[in-house]
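The next block holds one structure in the form of structure tokens; read it before the comments.
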Amino acid sequence: MRWLALISLVLIASCSSQSEKTDTGSAEASTTLLSPATTSSSCIVPELNGCNLYGRDFSGAYLRQAQMANTDLRGANLSGAFLRQADFENALLIDANLSNAIMPEVFMRNANLTNADLSGVEIFLADLSSANFSGVNFTGATISANFTDSKLMSANFADADLDGSFFVNANLQFAFFGRTKLTNVDLTDADLTNADLTDADLTGAILTRTILTNAILKGAKMPAGWTAP
């Protein structure tokens, strides 16, 4: 599998619950170093809910079903990580690097990924609703996910494939969709004010009550029967 080539040594940090304290009053933490031989499709990482993993390096890590709800991952490196069914609900991923991560069925509801790097990611069947993706780099990403009620102001989707994704009531002001595949996406009630859709493909897209004020549509392929408001 593709992710196996990314794994050499994987550092997994596990935290104790906040109620478990050491003699000094701080939460216990332990680390386990997993080699490729011990990393298999059946390996599930420890629970990391609520941990402080600020700036930690998880590049290439196998984090299937990782529990990272409410975890501080600001500035963390998750590039190339395998994150199938990982739970990042309410997590802080500001300025995090998730480039080229594999993320099927990931759960990121209410997470904050402001200015994170998600270029080249592969995300399928994922819940990314009510999250903050403002300023995120999605360049070249392949995504089929639910972005309902999410904030995506100034996000960069250049050359991304978003076929079939849901952006219902999403804030996409100033977002860049140059050459983006937006086929069959649902943009009902989405706000694309000042968005740039140059050469984007919106074939089959749903644009019910979509706000396109001052949006750039040069060369864009719009849905059949669509007329400018």
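For the stretch 128-224, the relative contact order is 20 percent, taking Cα pairs closer than 8 Å that sit 6 or more residues apart in sequence and dividing their mean separation by the residue count.
Consider all pairwise Cα distances in the stretch 128-224 and report the whole-number % of them above 16 Å.
Details: 2151 of 4656 pairs.
Roughly 46 percent, once rounded to a whole number.
Spin-label model, residue 179/residue 125: points 7 Å from Cα along the beta carbon direction are separated by 3.1 nm.
What separates the Cα centres of the stretch 196-229 and the stretch 111-166 is a distance of 19 Å.
Find how much the distance from residue 218 to residue 105 grows on full extension, using 0.36 nm per residue of separation minus their present alpha carbon separation; answer in nm with one decimal.
Details: separation 113, 0.36 × 113 = 40.68 nm, distance 3.40 nm.
That works out to 37.3 nm of additional length.
Using the Kirkwood radius over Cα pairs, work out the Stokes-Einstein diffusion coefficient for the stretch 70-188 at 10 °C and 1.306 mPa s, in µm²/s as a whole number. Numbers along the way, then the final one.
Details: Rh = 13.4 Å.
Estimated via Stokes-Einstein, D reaches 118 µm²/s.
None of the figures in this text is laboratory data; all of them are computed from the coordinates on show. Keep in mind the model is a prediction, meaning the values are calculated, not measured. Here the Cβ is made from the backbone with ideal geometry for all residues, glycine too, and neighbour counts use every protein chain on show.
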